[in-house]
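J.: Sharing a structure here in structure tokens format.
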Ligand SMILES: NC(=O)c1ccc[n+]([C@@H]2O[C@H](COP(=O)([O-])OP(=O)(O)OC[C@H]3O[C@@H](n4cnc5c(N)ncnc54)[C@H](O)[C@@H]3O)[C@@H](O)[C@H]2O)c1
């Protein structure tokens, strides 16, 4: 049976790679992003390749947009069986230099969005015996300078995942991935030195590709992971195994 898979922040990077991968194995993908043009481009690419996808504007910080999308999908008989919470928002700077608005927005987009996703679709996930996969970061377990809200949100995602896996068991599995340095547009504005450092920090001596995170997300959402819930899976090329760089 075709599953409906909803992915947030799927217009670029890891989310887009996950959308392509789920669609390639026959899932019906709901490609959502605050940037609807980016989502539309990914959905069009999937459809051109023979897959099933639609694009939707969804700002994950906006509860009304979650409600609107819920109405749309339910009336189209496309209740999500899988949700991938991948969208994020990050502002760098030490804590006292961050405005309260930026602070709250980072937590809202990166962490509270997962609560909104579960509040909106807990019934469809339950009915489908479905799965949620959250995208945290190695920032959830290690700290880098000047990223207090991002680190707090990503750490919070790990404990929230564990909590949801408990509260929605046995019907819904909830897991989280912790990517290391992955080649997305996030690295475009980083200089060659930062990229070289990231390459050396991974024991595999390179940055990861979005597809290498997407394949783990797909695994966690699928039958091959049917006995995995509440788990945190690091996808970092070995970065967190060593202090050496
Ligand atoms: N790239 C890395 O090195 C890396 C490392 C660790 C974790 N991650 C995590 O992976 C996830 C994806 O990151 P990426 O590198 O693919 O980034 P990206 O910038 O390529 O994609 C992120 C997408 O999220 C969308 N987005 C931003 N705010 C949104 C909102 N309010 N509502 C909906 N969508 C919104 C953006 O429009 C964009 O399409 C994030 O959770 C990020 O923290 C990335």
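Read-outs: derived from the displayed coordinates by stated rules, not from any lab. Quantities reported herein were computed from a predicted structural model and do not represent experimental measurements. Ideal geometry is used to build each Cβ from the backbone, glycine not excepted, and the neighbour counts take in all protein chains shown.
J.: Which residues, taken from the stretch 1-16, are within 16 Å of the ligand (Cβ to nearest atom) and surrounded by fewer than 24 Cβ atoms within 10 Å (Cβ to Cβ)?
T.: Within the stretch 1-16, 12, 13 meet the criteria.
J.: From 135, 91, grab the single residue that is near the ligand (Cβ under 10 Å from one of its atoms) and surrounded by 17 or more Cβ atoms within 10 Å (Cβ to Cβ).
T.: Working: 91 fails: near the ligand (Cβ under 10 Å from one of its atoms).
Step by step, each of 135, 91 is checked, and only 135 is near the ligand (Cβ under 10 Å from one of its atoms) and surrounded by 17 or more Cβ atoms within 10 Å (Cβ to Cβ).
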